[in-house]
Amino acid sequence: MKLGAISPPKGAVKKRKRLGNGVGSGQGKTSGKGHKGQRSRSGSKIKPWFEGGQMPLQRRLPKIGFNRPNKIVFQPVNLDDITRKGLAGEITTDSLKEAGLIKSLRRPVKLLGRGNVSEVLNIKVHAASATATEKITKAGGAVEIISDQTAE
């Protein structure tokens with residue numbers, strides 16, 4: 001089989017519509033464009049979203065929501081994650097990063113109270129929930145809230 005001998009399948013190629021070839025063709029005189037108006041003129045290119053001067057759809061619809069530019073997004077760390085990784089004693093954001101519990105030292109860390117504490121933990125984080133603080137103090141540990149300039 002040669003490349004020049006290949007032909008398209010039957011029905012794949014249609015003849016183009018020949019416009020303006022007499023009244024009897026059905027596409028004569030105005031060539032299917034109707035009488036007068038913007039779309040009948042030569043060189044008329046109207047974008048599909050243009051609504052003829054009517055207020056456009058994207059301007060008619062209301063704006064939704066508000067994006068706070070300085071929103072503080074905490075990195076959550078649960079108590080069961082700390083016990084699962086085997087961390088004990090003095091726990092800082094650096095030790096949490098080494099253990100793989102947080103991704104960045106630049107974002108603040110919040111301690112959450114899911115799980116139980118059996119060891120004495122002294123944790124230094126940017127924020128802690130009431131249940132997490134309560135569980136750690138019951139176990140004999142302490143939670144210290146730090147305000148780090150890099151974590152803002």
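The values are calculated or read from the model by the stated rules, or taken from the named source; none is laboratory data. Everything numeric here is computed off the predicted structure, so don't read it as measured data. No Cβ is skipped: glycine too gets one built from the backbone with ideal geometry, and neighbour counts run over all protein chains shown.
Which one of these does residue 56 not meet: (1) more than 33 Å from the chain's Cα centre (by Cα); (2) surrounded by 11 or more Cβ atoms within 10 Å (Cβ to Cβ); (3) over 30 Å from residue 134 (Cα atoms)?
(1)
Sort out which residues of the stretch 104-148 are free of Cβ contacts under 8 Å to residues at least 24 places away in the same chain and among the charged types (D, E, K, R), and write them in order of number.
Those that are free of Cβ contacts under 8 Å to residues at least 24 places away in the same chain and among the charged types (D, E, K, R): 134, 138, 144.
For the subset of the stretch 123-147 comprising residues that are charged (D, E, K, R) and part of a strand (DSSP E or B), which member is nearest to residue 97 (Cα to Cα)?
This residue is 124.
Would you point out which residue out of 4, 28, 24 is outside any helix (DSSP H, G or I) and more than 28 Å from residue 114 (Cα to Cα)?
Answer to the selection: 28.
Mind checking whether some residue in the stretch 42-51 is part of a loop (DSSP other than H, G, I, E, B), basic (Lys, Arg) and within 23 Å of the chain's Cα centre (by Cα)?
No, the conditions are met nowhere in the stretch 42-51.
Go through the residues of the stretch 38-50 one by one and say whether even a single one is aliphatic (A, V, I, L, M), within 30 Å of residue 134 (Cα to Cα) and without any contact (Cβ under 8 Å) to a residue 40 or more places away in the chain.
Within the stretch 38-50 (the criterion being aliphatic (A, V, I, L, M), within 30 Å of residue 134 (Cα to Cα) and without any contact (Cβ under 8 Å) to a residue 40 or more places away in the chain), the answer is no, since none of the residues qualifies.
What are the pairs with Cβ atoms under 9 angstrom where one residue, in the stretch 81-99, is over 18 Å from residue 127 (Cα atoms) and the other, located anywhere, is surrounded by fewer than 16 Cβ atoms within 10 Å (Cβ to Cβ) and of a type in the set (S, T, N, Q)? Sequence gap at least six, or different chains.
83/116; 83/118; 89/122
Tell me, yes or no, whether the stretch 106-116 has at least one residue that is over 29 Å from the mean Cα position of the chain (by Cα), in a loop (DSSP other than H, G, I, E, B) and closer than 12 Å to residue 79 by Cα.
Checked against the condition, which is being over 29 Å from the mean Cα position of the chain (by Cα), in a loop (DSSP other than H, G, I, E, B) and closer than 12 Å to residue 79 by Cα, the stretch 106-116 yields at least one hit.
On the basis of being of a type in the set (Asp, Glu) and modelled with pLDDT under 90, does residue 148 make the cut?
Yes; evaluated as a whole, the condition is true for this residue.
Can you say whether residue 101 is touching a helix residue (DSSP H, G or I) at 6+ places or on another chain (Cβ under 7 Å) and not β-branched (Val, Ile, Thr), as far as the supplied structure shows?
Spelling it out, residue 101 is indeed touching a helix residue (DSSP H, G or I) at 6+ places or on another chain (Cβ under 7 Å) and not β-branched (Val, Ile, Thr).
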